[in-house]
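Peer 1: Quick one: this structure, given as structure tokens, is what I'll be asking you about.
The values are calculated or read from the model by the stated rules, or taken from the named source; none is laboratory data. Predicted model, so just to flag it, every value in this text is computed and none were measured. Positions of Cβ are generated from backbone atoms using ideal geometry, with glycine treated the same way; all protein chains shown enter the neighbour counts.
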Amino acid sequence: MAHVLLCCIGLLLLCPLAVLAIPTGNFYEEGGEIFDDWDICRTRGYGPDGFFKYQDGRFEPVIAAQSLGANADVAYMRGVQFGTEFPDLTQRAEAIFAYARDRVRYMSDSAQFGYPEFAVNADELMLVIGQDGVAYGDCEDYAVLLGVMYIAAGMRSAVVLAPGHAAVLLYLPGYHRANRSLTVDGESGWIWAEATGGNNPLGWMPQEYMGSEILVYELRDEGIVREGIPDKRTTTVSRQTGRASALPAVPLPAIVLLLWGISAVGRRRTSRR
């Protein structure tokens, strides 16, 4: 039975995630803005209902919490897989970074969605990667995906806001390939993860942000409660990347099976040491 389960898990991991994907209309429009079924505004990062909740010089990337804790889904699953594949923290960190850097290509929200700003969560981005091989996004999309995957892989990560930009900080003390090691709340060992450039290495911090004031929010493996679509007409958000397609979703039972299987593999490896 164990062999059959592992084979099924392997097939699911190897097959395109489009096999699991279905279109979703879990958005609604109000006042010219697009909201999701967590009641989070996807077209605005500021304000108490914005995807980053930026206000009064503080922020909270609540869109990342849509893929953490009880909301764990395909992006979290992929991070767990990296955690089991790479026991060495440095190799794990570099592998996750390379995955996001190489599988996501930079595209502005206005070009992709027709909105000046439109944030996607880590699971939506991961499902597009599964469907098309690559996904498109801007800096906050890269940051959310990386942050979620690092947490799922058992590492500490934070979303960072610099002037006009978002990225990730990763806690990886002693990483000698970084061009700058940062200290957060008196704790040294944080490095910059800037995946928006195709040739960027892990730990490379752009010069223009070294002297800038930046805001940091460390992620926790905690989700937020899904509010559900209110009694309003739903809308579908389409991507404009060469073909019209809706943002996808994935059936929860498939994810539960996959996460359980990966967990079982990890327990078996641990028991053999």
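Peer 1: Could you identify the single residue in L219, L182 that is in contact with a helix residue (DSSP H, G or I) (Cβ under 7 Å, 6 or more places away or on another chain), surrounded by 12 or more Cβ atoms within 10 Å (Cβ to Cβ), of a type in the set (A, V, I, L, M) and modelled with pLDDT of 65 or more? Don't jump to the end; show me each part of the working.
Peer 2: Values: L182 fails: in contact with a helix residue (DSSP H, G or I) (Cβ under 7 Å, 6 or more places away or on another chain).
Of the residues listed, the single one that is in contact with a helix residue (DSSP H, G or I) (Cβ under 7 Å, 6 or more places away or on another chain), surrounded by 12 or more Cβ atoms within 10 Å (Cβ to Cβ), of a type in the set (A, V, I, L, M) and modelled with pLDDT of 65 or more is L219.
Peer 1: Is it the case that the range 38-46 has a residue that's part of a loop (DSSP other than H, G, I, E, B), of a type in the set (S, T, N, Q) and modelled with pLDDT under 95?
Peer 2: Applying the first criterion (part of a loop (DSSP other than H, G, I, E, B)) to the range 38-46 yields 38-40, 42-45.
Then drop every residue that is not of a type in the set (S, T, N, Q), which leaves 43.
This time we only want the ones that are modelled with pLDDT under 95, so: none.
The answer is no, given that none of the residues of the range 38-46 is part of a loop (DSSP other than H, G, I, E, B), of a type in the set (S, T, N, Q) and modelled with pLDDT under 95.
Peer 1: So, in the range 127-165, exactly how many residues are surrounded by fewer than 23 Cβ atoms within 10 Å (Cβ to Cβ) and either assigned to a loop (DSSP other than H, G, I, E, B) or among the charged types (D, E, K, R) (or both)?
Peer 2: Looking only at that region, the number is 9.
Peer 1: Can I ask one more? With the structure loaded, tell me whether P173 is more than 19 Å from V237 (Cα to Cα) and of a type outside the set (G, A, S) or whether it fails that test. Explain how you work it out, then say what you get.
Peer 2: Details: more than 19 Å from V237 (Cα to Cα): yes; of a type outside the set (G, A, S): yes.
Yes.
Peer 1: Of A95, A75, A100, which residue is without any contact (Cβ under 8 Å) to a residue 40 or more places away in the chain, under 19 Å from V168 (Cβ atoms), assigned to a helix (DSSP H, G or I) and not charged (D, E, K, R)? Before you say what the answer is, go through the steps one by one.
Peer 2: Working: A75 fails: without any contact (Cβ under 8 Å) to a residue 40 or more places away in the chain; A100 fails: without any contact (Cβ under 8 Å) to a residue 40 or more places away in the chain.
The match here is A95.
Peer 1: For E29, indicate whether it is acidic (D, E), at pLDDT 95 or above and either crowded, with 17+ Cβ neighbours inside 10 Å or farther than 22 Å from M149 by Cα (or both). Walk me through how you get there before you give the answer.
Peer 2: Working: acidic (D, E): yes; at pLDDT 95 or above: no; either crowded, with 17+ Cβ neighbours inside 10 Å or farther than 22 Å from M149 by Cα (or both): yes.
Judged against the criteria, E29 is not a match.
Peer 1: Residue by residue through the range 166-177, note down the ones that are of a type outside the set (F, W, Y) and surrounded by fewer than 20 Cβ atoms within 10 Å (Cβ to Cβ). Before you say what the answer is, go through the steps one by one.
Peer 2: Applying the first criterion (of a type outside the set (F, W, Y)) to the range 166-177 yields 166-170, 172-174, 176-177.
Once the filter is applied, which keeps residues that are of a type outside the set (F, W, Y) and surrounded by fewer than 20 Cβ atoms within 10 Å (Cβ to Cβ), the range 166-177 yields P173, G174, H176, R177.
Peer 1: Given the residues F86, F113, which is the only one that is modelled with pLDDT under 95, surrounded by fewer than 24 Cβ atoms within 10 Å (Cβ to Cβ) and aromatic (F, W, Y)? Show your work before the answer.
Peer 2: Values: F86 fails: modelled with pLDDT under 95.
Matching residue, one of F86, F113: F113.
Peer 1: Farther than 26 Å from P173 by Cβ, touching a Pro at 6+ places or on another chain (Cβ under 6 Å) and surrounded by 14 or more Cβ atoms within 10 Å (Cβ to Cβ), is that true of F35?
Peer 2: Numbers: farther than 26 Å from P173 by Cβ: yes; touching a Pro at 6+ places or on another chain (Cβ under 6 Å): no; surrounded by 14 or more Cβ atoms within 10 Å (Cβ to Cβ): yes.
Here the answer is no, as F35 does not meet what is asked.
Peer 1: Give me the pairs, please: first residue somewhere in the range 204-226 and free of Cβ contacts under 8 Å to residues at least 60 places away in the same chain, second residue anywhere and assigned to a strand (DSSP E or B), beta-carbon distance under 6 Å, and either six or more positions apart or on two chains.
Peer 2: Cβ pairs passing all conditions: M205/W192; Y209/A162; S212/A162; I214/V160; I214/A162; V216/A158; V216/V160; V216/V184.
Peer 1: For the range 172-223, give me the residue count where each residue is over 18 Å from the mean Cα position of the chain (by Cα), of a type in the set (G, A, S) and not in a loop (DSSP other than H, G, I, E, B).
Peer 2: Within the range 172-223, residues that are over 18 Å from the mean Cα position of the chain (by Cα), of a type in the set (G, A, S) and not in a loop (DSSP other than H, G, I, E, B) number 2.
Peer 1: Filter the range 42-74 for residues that are within 13 Å of the chain's Cα centre (by Cα) and polar (S, T, N, Q); which is surrounded by the fewest Cβ atoms within 10 Å (Cβ to Cβ)?
Peer 2: N71
Peer 1: Still on this structure, please answer the following. Can you name the number of the only condition in (1) over 19 Å from V148 (Cβ atoms); (2) touching a residue at least 24 places away in the same chain (Cβ under 8 Å); (3) of a type in the set (S, T, N, Q) that T84 fails?
Peer 2: Here T84 meets the rest and fails (1).
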